[in-house]
Every structure is written in structure tokens, then in C-alpha cells.
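Reading through the C-alpha cells given below for one structure.
The values are calculated or read from the model by the stated rules, or taken from the named source; none is laboratory data. Note that the coordinates shown come from a computational prediction; the quantities given were computed from them, not determined experimentally. Note that each Cβ is placed from the backbone with ideal geometry, even for glycine, and that neighbours are counted across all protein chains shown. For the accessible areas, the whole protein counts, side chains as well, though only heavy atoms, and no ligand, DNA or RNA atoms are used. Shrake-Rupley method; radii C 1.70, N 1.55, O 1.52, S 1.80 Å.
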Amino acid sequence: MDIATKANITLSVLSFLLCVISIVTSIKTLRQNNKMIENATRPYISIYGQTINCNGNQHFYLVVKNSGASPATITNFSYSPDLSQSLETKNTSRNFLDDLSKCTIPPGQSRICKLTYEKVPEEVVFDVTYHSSEKTYSEKNIINLRAATSMLTAKCGKSSNKKKAISSNIHVISYTLQEMLQKKL
């Protein structure tokens, strides 16, 4: 075998190896891009506690929010310990938290349920299963709902003359609008 034949065989083998390496790299890049696109467009269900202070009265809410970029259809929403005793709504046989396992939450939207702050346990375990299109996501979270929900924030515009009804109503509206801006609800 002469030198030209050996060089051609060597170049052919190297070309074949380079082609295989290029194909493997392309497949890995495509898979990584697919994961990045899925993570950027999937729903993300977040659960947290939130207080709203309207006119000096604290109201505590459980918030279930879709922080993702596509709708989330919740198929299972379970929690432990039982929060039914914490529900603010009395005299009803309906458990509003159980209804979450049947709903779809659009991107950026949330579902809220008013709870009695004092009756909410320190830690709650949430098991949530939801889907978007054909992909299903399942998460188990241990959440302290009461953590950092009663942070002090200053409000302005409180009237010193509480006897006038108009001034009082404007104060309530001002206070509520400030709270909404702070919470961005």
C-alpha cells in the first residue's frame, strides 16, 4: 500500500469521525433547546399566603398562582393538614379549596381563598398535579403560609378628621389602592 492510499484511508476515517461528532452534537443541542423552550413556555403553579390590609383590617388569603407562560389545568390539589377549619366563609357545605382540582388557571392569574390567619397551621404540605397540553407536572411542596405575610408597610393619606364620611370613604379607597399597588393583585 502506497502513501497516497494510506492518506486517503486516514482522511476518510477522520471525516467519518467528524461527521459522527457533528451529528451527536446537533442532537444534544436540539434536546437542550427543546428543554429550554419547554421551561420557558410551561405553567408554574406557586402557592403562598398573602395578607391584604384594607383600612387597618388584615385579611389573609391562600393564593394559588400560575407564574408560567401557558395555562395550567389542575387535576389534583391536596393538602395536609386539613385547612377546612381555616376557611373564612362560614355556614357553607362547600370546600372552596377542593374546587381547585377542577380548574384551569391562565398565565399570570391566580385563585385566592380567604382563610382565618390564626387557624392556619405553620406548615402545610401541598400535592399539586397539573397539565398544559400533553405534558403533566406533579409537585409536592411544604410551605409555611404565614411566613412573612404580616410585614409592616406604611400607608399615606390617613385623615385626622374621622367624623366626616367623605373623608373616611376617601381614606378607605386610598388605603385599598395603595395595598393593591403593593401587592400587584
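Some values worked out for this structure:
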item	result
Residues located in the stretch 122-135, provided they are modelled with pLDDT under 95 and among the polar types (S, T, N, Q)	Ser132, Ser133
Given (1) open to solvent by 50 Å² or more (accessible area, probe 1.4 Å); (2) touching a Ser or Thr at 6+ places or on another chain (Cβ under 9 Å); (3) modelled with pLDDT under 90, index of the condition Cys113 fails	(1)
Single condition Lys119 does not satisfy, out of (1) exposed (fewer than 12 other Cβ atoms within 10 Å of the Cβ); (2) more than 20 Å from the chain's Cα centre (by Cα)	(1)
Criterion (part of a strand (DSSP E or B), out of contact with any helix residue (DSSP H, G or I) (no Cβ under 7 Å at 6 or more places or on another chain) and open to solvent by 60 Å² or more (accessible area, probe 1.4 Å)) met by exactly one of Tyr61, Tyr79, Tyr48	Tyr48
Residue in the stretch 79-102 that is closer than 21 Å to Glu38 by Cβ and modelled with pLDDT of 90 or more present	no
Selected residue (criterion: nearest to Asn39 (Cα to Cα)) from residues of the stretch 103-116 that are in a loop (DSSP other than H, G, I, E, B) and within 18 Å of the chain's Cα centre (by Cα)	Pro107
Residue within the stretch 137-150 that is of a type in the set (Val, Ile, Thr), surrounded by fewer than 13 Cβ atoms within 10 Å (Cβ to Cβ) and at pLDDT below 70 present	no
Qualifying residue in the stretch 23-42 (condition: in contact (Cβ under 8 Å) with a residue 60 or more places away in the chain, open to solvent by less than 40 Å² (accessible area, probe 1.4 Å) and part of a strand (DSSP E or B))	no
Close pairs (7 angstrom Cβ cut-off, 6 or more residues apart or separate chains): touching a residue at least 12 places away in the same chain (Cβ under 8 Å) and more than 15 Å from Tyr44 (Cα to Cα) in the stretch 101-125, open to solvent by 40 Å² or more (accessible area, probe 1.4 Å) and in a helix (DSSP H, G or I) anywhere	Lys119/Gln85
Search result, residues across the stretch 85-102 that are exposed (fewer than 14 other Cβ atoms within 10 Å of the Cβ) and either over 29 Å from Ser132 (Cβ atoms) or under 16 Å from the mean Cα position of the chain (by Cα) (or both)	Gln85, Thr89, Lys90, Asn91, Thr92, Ser93
